Amino acid sequence: MTCIQDRTKLGDTQNLNKCNKCENSCSYQSHFTEHERKHTEQKPYQCPECQKYFSHNSYLIQHVRIHTGQKPYQCPECQKYFSHNSYLIQHVRIHTGQKPYQCSECQKNFSHKASLTRHRRIHTGQKPYQCSECQKDFRHQTSLISHLKSHTGEKPYQCIECKKSFSERAQLIQHERTHTGEKPYQCSECLKSFSQKSSLAHHERTHTGIKPYQ
């Protein structure tokens, strides 16, 4: 959509397409009609499969691919298909290594805008996800979902060896190492290995002499 803020380029005709809600102007009547739906929340396009409504026909076309399974956008590197062009653009960054989103605080770069948004909460301290049971706040939605299991008692992850169950997948992975003997975390000083990252961090203090607990 070609909309212009606080500018006129088509004389008196352009004034007819000026939004009285946000002062934006559109070059064409069709674009202006679509723009107005942002304010009116009108959704005239309906999906024939699930009856969901959309404000733009392009949104409906993209949505219908959920039902049809159509994926018209192909990655030139690995030939994987995607239903939306935006998904393809994000995927291609895996191959190119491009990270266009940079944190203004620490200059760390990210390939996805959503990843940058989550990262910024480290600096701002923002925790937008709150537990409805105990009002504890979390930085990430996945952390909240894992926490909620402590209230419900749900333990969907079960060890195939001893049938012990866990509320989080990470807990199961750590537990399984007691059966496999796997120790993926190695000390860079003495090459001693550990099954848990926290155990390695504790061990490394014997080399550094750091005593963080007063």
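I'd like the carbon and sulfur percentage of the solvent accessible area for segment 116-214, probe radius 1.4 Å, heavy atoms only, ligands and nucleic acids excluded.
Numbers: 3510 of 7550 Å².
Roughly 47 percent of what the probe reaches on segment 116-214 is carbon or sulfur.
What's the FRET efficiency of ARG169 with THR117 using the Cβ-Cβ distance as r and R₀ = 25 Å, to the nearest 0.05?
About 0.55, to the nearest 0.05.
What is the diffusion coefficient of segment 9-136 in µm²/s, taking the Kirkwood radius over Cα pairs and the Stokes-Einstein relation at 20 °C with a viscosity of 1.002 mPa s?
On the way: Rh = 19.0 Å.
Rounded to a whole number, D works out at 113 µm²/s.
Given (i) 21.3; (ii) 11.9; (iii) 14.3, which label gives mean projected area of the Cα convex hull in nm² as computed from the coordinates?
(i)
Quick one: check the C-alpha center-to-center distance for segment 149-214 versus segment 76-132, whole angstrom.
28 Å
Which value in deg cm²/dmol, rounded to the nearest 500, describes the helix-derived mean residue ellipticity at 222 nm for the chain, given -39,500 (n - 2.57) per DSSP H run of n ≥ 4 and division by the residue count?
Values: 8 runs with 89 residues, N = 214.
The per-residue figure over the chain is -12500 deg cm²/dmol.
Per residue, how much accessible area does the chain show when a 1.4 Å probe rolls over the protein heavy atoms, in square angstrom? Present the calculation step by step, with values, prior to reporting the outcome.
Values: 15800 Å² over 214 residues.
With all protein chains present, the chain gives 74 Å² per residue.
What is the magnitude of the charge dipole of the chain about its Cα centre, with +1 placed on the Cβ of each Lys and Arg, -1 on the Cβ of each Asp and Glu, and no other charges, expressed in debye to the nearest 20? Each step should come with its number before you reach the end.
Details: 32 positive and 18 negative charges, 86 e Å.
Charge dipole, the chain, about its Cα centre: 420 debye, nearest 20.
The values are calculated or read from the model by the stated rules, or taken from the named source; none is laboratory data. It should be emphasised that the depicted structure is a prediction, and the values quoted were computed from it without experimental measurement. Neighbour counts are summed over all protein chains in view; Cβ atoms, including those assigned to glycine, are modelled from backbone coordinates with ideal geometry. Ligands, DNA and RNA are excluded from the accessible area calculation, which covers all protein heavy atoms including side chains. Shrake-Rupley method; radii C 1.70, N 1.55, O 1.52, S 1.80 Å.
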